[in-house]
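Have a look at the structure below, then the notes.
The values are calculated or read from the model by the stated rules, or taken from the named source; none is laboratory data. From a predicted model like this one, the values you see are computed outputs, not experimental measurements. We place every Cβ from the backbone using ideal geometry, glycine too, and count neighbours over all the protein chains shown. Surface accessibility is based on the protein's heavy atoms, side chains included, excluding ligands, DNA and RNA. Shrake-Rupley method; radii C 1.70, N 1.55, O 1.52, S 1.80 Å.
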Amino acid sequence: MVMKMLSHFALPLLLLLSTSSGNSAPLPAQSAPGSQGPDIIAGNIGEFGGLEQFGSSGTQVGLGVSTTSCNIGNLEVSFFALPDTHHPIIPHNLYRMSGGSGNDARFEQIGQSWVKHAFGADEANACSTCMTGSAPLYLGVGCSDTYANYQNAYADGLGSRALINPFTAAFQSTAMDHTGHVHTGTSHRILVEGSDLNTTLNPGATYYAEIQYISSDEYAWCQTHPGQCNMYNNASYRRNRWPCLHCLQGDGSRCRCLAL
């Protein structure tokens, strides 16, 4: 399946809307990588399953969104599974644009998740021609890797943001330890108040799912090649519209957000 390449940015979406158009215009697929060193970006958001509810607890819901990474650099990106700490981590955020005559008067962050710890890279061709590498331990040059929304919503596969250095991507081998707490329908997923997704309370609102791939390989390359830092183009977003009115029907409810 051919996937669209999203716009990718150096800063989180919350800091970007003053200068961006507010929509992620797809870019054409590349025939060959264009960066020196490892360079992991978001190739797509929401391709497999969209932004979907996977549980609820009280007034809150837990969402998940699919993510596709692409390596547009000329070196492989490490994808070792924990307890090895050489792999990207993927935080997820959710924002809402609403209010005013154009439904653009307010831009608010309404949700965030823990981080997905990547493992086992694929060798797909979402952004460019995959030059078969050392999968599954490395994401090869030109290759892509996808996590479906249910994989990114799997509580045991998510770790605390507090244990991550967001600049260097450094963390300990225990960064995904879930000892000492019980999971509910919202645990570690994109946590949102159900009322923030209610289309009656938020008529005409649009929603922005933001994800970021943070890789220690990129940080290490930047330290040794300061003129080739690839760690500032990893945050991407996709605009969505939430069509559901009833997203608090218990863990069996499967409300879904449609990408625009």
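Some observations on this one:
- Lys, Arg +1 and Asp, Glu -1 on Cβ, resulting dipole of the range 53-195 about Cα centre, debye, nearest 20: 340
- Surface per residue (accessible, 1.4 Å probe) for the range 78-222, Å²: 41
- Two-decimal log10 I(q)/I(0) for the range 123-214, as the Debye equation yields it once each C-alpha is a single scatterer, q = 0.10, 0.11 Å⁻¹: -0.44, -0.52
- When the range 69-118 is reduced to its Cα atoms, the Kirkwood hydrodynamic radius in Å: 13.9
- Couplings 3J(HN,Hα) of the range 72-86, computed from phi: 9, x, 10, 10, 5, 10, 5, 10, 6, 7, 3, x, 5, 9, 9 Hz, in residue order, whole Hz [Karplus 6.51 cos²θ - 1.76 cosθ + 1.60, θ = phi - 60°; x for Gly and Pro].
- Length added when fully stretched, SER57-SER160, from 0.36 nm per residue minus Cα-Cα: 35.2 nm
- Computed on protein heavy atoms with a 1.4 Å probe, the accessible areas place PHE54, PHE167 in the order PHE167, PHE54, largest first.
- Sorted peptide list for 125-136, 142-153, 179-190, criterion being average Cβ within 10 angstrom, highest first: 142-153, 125-136, 179-190
- Sorting 102-108, 234-240 by average packing, meaning the other beta carbons within 10 Å per residue, from highest down gives 234-240, 102-108.
- When only alpha carbons of the range 26-165 are considered, Rg and Dmax amount to 16.7, 52 Å.
- Against the criterion of solvent-accessible heavy-atom surface with a 1.4 angstrom probe, MET97, MET176 sort, most first, into MET176, MET97.
- Neighbourhood charge, 13 Å Cβ-Cβ cut-off, centred on HIS87 and excluding it, Lys, Arg +1 and Asp, Glu -1: -4
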